[in-house]
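Below: the structure, in structure tokens.
The values are calculated or read from the model by the stated rules, or taken from the named source; none is laboratory data. From a predicted model like this one, the values you see are computed outputs, not experimental measurements. Reconstructed Cβ throughout: ideal geometry from the backbone, glycine too, with neighbour counts over all protein chains shown.
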Amino acid sequence: MDYPIWQQAAVLVMVFAVFFVAVIRPPRMAEARRFRAVMASSPGDIVLTAAGIYGRIAEAGTVDTPFLVEIADGVIVRVDQRGIAEVLTVPASDAAAPAAGVQPAA
């Protein structure tokens, strides 16, 4: 039984759309969130490097300049923005506003 070409094309487009939404989009969104968090970080924020080292940002960098991260007293390393895996400190603007549906502690 042969199906018309437009039905075959529609199925192929739907398969690609599901593949894109399920496989390609989530990692891209996670990387965009990580990049925004790293670029919004400021000195004093605690970060986790891609190597698994925790540290505190001593001097914020940009896309082109490295961040200076203090990993121990007096030990400062240069880390590229791609080398910061996660910003662990919650920015003050996010800490001030409670999440939807969450009641502040009494």
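(1) without any contact (Cβ under 8 Å) to a residue 12 or more places away in the chain; (2) not in a helix (DSSP H, G or I): which one isn't true of PRO43, the others all being true?
Every listed condition holds for PRO43 apart from (1).
Here is a check on your reading of the model: is PHE35 assigned to a helix (DSSP H, G or I), among the aromatic types (Phe, Trp, Tyr) and either in contact (Cβ under 8 Å) with a residue 12 or more places away in the chain or touching a Ser or Thr at 6+ places or on another chain (Cβ under 8 Å) (or both)? It would help to see each step written out before you state the result.
Numbers: assigned to a helix (DSSP H, G or I): yes; among the aromatic types (Phe, Trp, Tyr): yes; either in contact (Cβ under 8 Å) with a residue 12 or more places away in the chain or touching a Ser or Thr at 6+ places or on another chain (Cβ under 8 Å) (or both): yes.
Here the answer is yes, as PHE35 does meet what is asked.
Looking at the stretch 20-45, which of its residues are in contact with a strand residue (DSSP E or B) (Cβ under 6 Å, 6 or more places away or on another chain) and surrounded by fewer than 15 Cβ atoms within 10 Å (Cβ to Cβ)? Outline the logic, then answer.
Taking the stretch 20-45 as the starting set, the residues that turn out to be in contact with a strand residue (DSSP E or B) (Cβ under 6 Å, 6 or more places away or on another chain) are 37-38, 41, 43, 45.
Answer for the stretch 20-45, where residues must be in contact with a strand residue (DSSP E or B) (Cβ under 6 Å, 6 or more places away or on another chain) and surrounded by fewer than 15 Cβ atoms within 10 Å (Cβ to Cβ): just PRO43.
Looking at VAL63 and the list (1) of a type in the set (A, V, I, L, M); (2) modelled with pLDDT of 90 or more; (3) surrounded by fewer than 14 Cβ atoms within 10 Å (Cβ to Cβ); (4) not in a helix (DSSP H, G or I), which single condition is not satisfied?
VAL63 satisfies all of (1) of a type in the set (A, V, I, L, M); (2) modelled with pLDDT of 90 or more; (3) surrounded by fewer than 14 Cβ atoms within 10 Å (Cβ to Cβ); (4) not in a helix (DSSP H, G or I) except (2).
From the list ILE76, ILE71, ILE57, ILE53, pick out the single residue that is closer than 13 Å to ALA37 by Cβ and either surrounded by 14 or more Cβ atoms within 10 Å (Cβ to Cβ) or hydrophobic (A, V, I, L, M, F, W, C) (or both). First the steps, then the outcome.
Details: ILE76 fails: closer than 13 Å to ALA37 by Cβ; ILE71 fails: closer than 13 Å to ALA37 by Cβ; ILE53 fails: closer than 13 Å to ALA37 by Cβ.
Selected residue: ILE57, the only one of ILE76, ILE71, ILE57, ILE53 that is closer than 13 Å to ALA37 by Cβ and either surrounded by 14 or more Cβ atoms within 10 Å (Cβ to Cβ) or hydrophobic (A, V, I, L, M, F, W, C) (or both).
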